């Protein structure tokens, strides 16, 4: 297989407590970011509609028009669907732009689908998440059709890491 | 004289009169939350009754997308809602709440999916969220950029807080480097930094808030729209940090700024002072841009959409230039805690500066 996010830093933020491996029969929902078409054109069009000197300034697209621009190719959709169905995954939904797929499957299936992944449960207060403790890969036939698989590696940010407001007087500039 | 930033303080400083409120039929604005944070309608009502007497405003959120949990209100959520509805007064406001209910969801990614799946969404979105660029995969960031482009092509304005760690610092084995934050460093969003009043108890001119996030991306190259402005800064007279600390050819941020210090927020029915951060400045700018959208809609003009190409062409017109102060950087011998410093015109602490509403409105109305 091929690793789609080999440069994603793997770490468990300090406020998450490891609770052990997830049972193979539990369900996970993964987000597949399908390769889009016409991304170069998308960028050029964005420049045109955003540049006040362009005659296209302000001529925005509807979501449906954006969808027809970036919608994944039939080849991409077929390759990804074939790959998913080959693992018995049918419970999927898409979005209007068809460039994301959300699929539900058991942990056992997810770990077979994404070789290298190993799902664990982590807890922070009342919140629990499942994440892989190691890098995932995908079959080489679909690697060129996917940007990444969401819900495997990145933890939700905590209050400390998130850009957030805080109460109380600030420390001096040079503490 | 004042005892902290309230809607009245902001509206005075940014020259918003009581008549500067929304009235267009198809206008709307939104804030998005990704933590387990909720706003309470009662807090918003109390905030408005305490602090928003001098202008017409709404006291209820129009729509909540996602499920608000129970329990205590979050300071962040209260802040965002209360201040976008204070500058963007009388404009219908949505709250996107994405706490990540499924155990394998990425809340920020879920919000992006929602945008890709809703035909009608507000014109202006403010988001206080960011992660270290160096912790994220290039594949992920590039794809999120595509999503930002999709939103921009639809005329949606995305505003991100620039962060509260100044230039940031990444401690490497040999020497330190600054640490940019994503999505603040995306070339396809408008990033908002922070300022303080020169005299914290008076409506004076503004200086940098030392926490204001800013710098240069190590991943994304500098977009054309900002080359001239950033080159002028780099060639300017002020001393720069050593070149090894930042990538002078990367996307530079923030793009603009607003006050980010000493806010009053009502949360769980208690007024809280001293709330600070670019989480505060971002909804303030969001509300002001929504007011400009409102005036544009009334004249039959389209929304502002992705702002930066037009913002940089203004060359600072309609913005109060912030020229005093520096932000945080690495606490080491070479930079001694400093990142970049403000300068005339654009700088990587406060961008082009803070909004002077009537002039900015004029500039954006042709």
**Report entry** Residue in the range A:97-112 that is surrounded by the most Cβ atoms within 10 Å (Cβ to Cβ), counting only those that are touching a strand residue (DSSP E or B) at 6+ places or on another chain (Cβ under 7 Å) and within 19 Å of residue A:34 (Cβ to Cβ)
**Finding:** A:110
Requested in this report: Taking only the range B:138-175 into account, find how many residues are outside any helix (DSSP H, G or I) and buried (at least 20 other Cβ atoms within 10 Å of the Cβ).
Outcome: 16
Query - Test for residue A:49: is it in contact with a helix residue (DSSP H, G or I) (Cβ under 8 Å, 6 or more places away or on another chain), under 24 Å from residue A:114 (Cβ atoms) and surrounded by 20 or more Cβ atoms within 10 Å (Cβ to Cβ) - result: no
Query - Members of the range B:90-136 that are over 21 Å from residue B:78 (Cα atoms), in contact (Cβ under 8 Å) with a residue 60 or more places away in the chain and facing chain A (nearest Cβ under 8 Å) - result: B:134
Query - Long-range neighbours under 6 Å by Cβ, at least six apart or interchain, first residue at the interface with chain B (Cβ under 8 Å from one of its Cβ atoms) within the range A:46-59, second part of a helix (DSSP H, G or I) - result: A:46/B:149; A:46/B:152; A:46/B:153; A:50/B:309; A:51/B:309; A:52/B:310; A:59/A:49
Query raised in the report: Can you tell which of B:98, B:117 is more than 15 Å from the chain's Cα centre (by Cα), surrounded by 23 or more Cβ atoms within 10 Å (Cβ to Cβ) and farther than 19 Å from residue B:189 by Cα?
Result: B:98
Report summary line: Sole miss for residue B:243 among (1) over 17 Å from residue B:323 (Cβ atoms); (2) touching a residue at least 12 places away in the same chain (Cβ under 8 Å) is condition (2)
Requested in this report: Please determine, by comparing only the residues of the range A:14-45 that are under 17 Å from residue A:151 (Cα atoms), over 14 Å from the mean Cα position of the chain (by Cα) and facing chain B (nearest Cβ under 10 Å), which one is surrounded by the fewest Cβ atoms within 10 Å (Cβ to Cβ).
Outcome: A:26
**Report entry** In the range B:120-141, the residues that are under 21 Å from the mean Cα position of the chain (by Cα) and within 30 Å of residue B:302 (Cα to Cα)
**Finding:** B:121, B:122, B:123, B:124, B:125, B:126, B:127, B:128, B:129, B:130, B:141
Query - Elements of type helices (runs of 4 or more DSSP H) contained in the range A:1-105, each with 1 or more residues being within 29 Å of residue B:132 (Cα to Cα) - result: A:39-50, A:63-70
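The rows are residues; the columns are (1) assigned to a loop (DSSP other than H, G, I, E, B); (2) out of contact with any strand residue (DSSP E or B) (no Cβ under 8 Å at 6 or more places or on another chain); (3) buried (at least 18 other Cβ atoms within 10 Å of the Cβ).
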| site | (1), (2), (3) |
| --- | --- |
| B:248 | yes, no, no |
| B:273 | no, no, no |
| B:281 | no, no, yes |
| B:285 | no, no, yes |
| B:300 | yes, yes, no |
| B:309 | no, yes, yes |
| B:317 | yes, yes, no |
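Laboratory data are not the source of any read-out in this text; all were calculated from the coordinates shown. In this text, all values refer to a predicted model and were calculated from it rather than measured experimentally. Because the Cβ atoms are built from the backbone with ideal geometry, glycine has one as well, and the counts that use them run over all protein chains shown.
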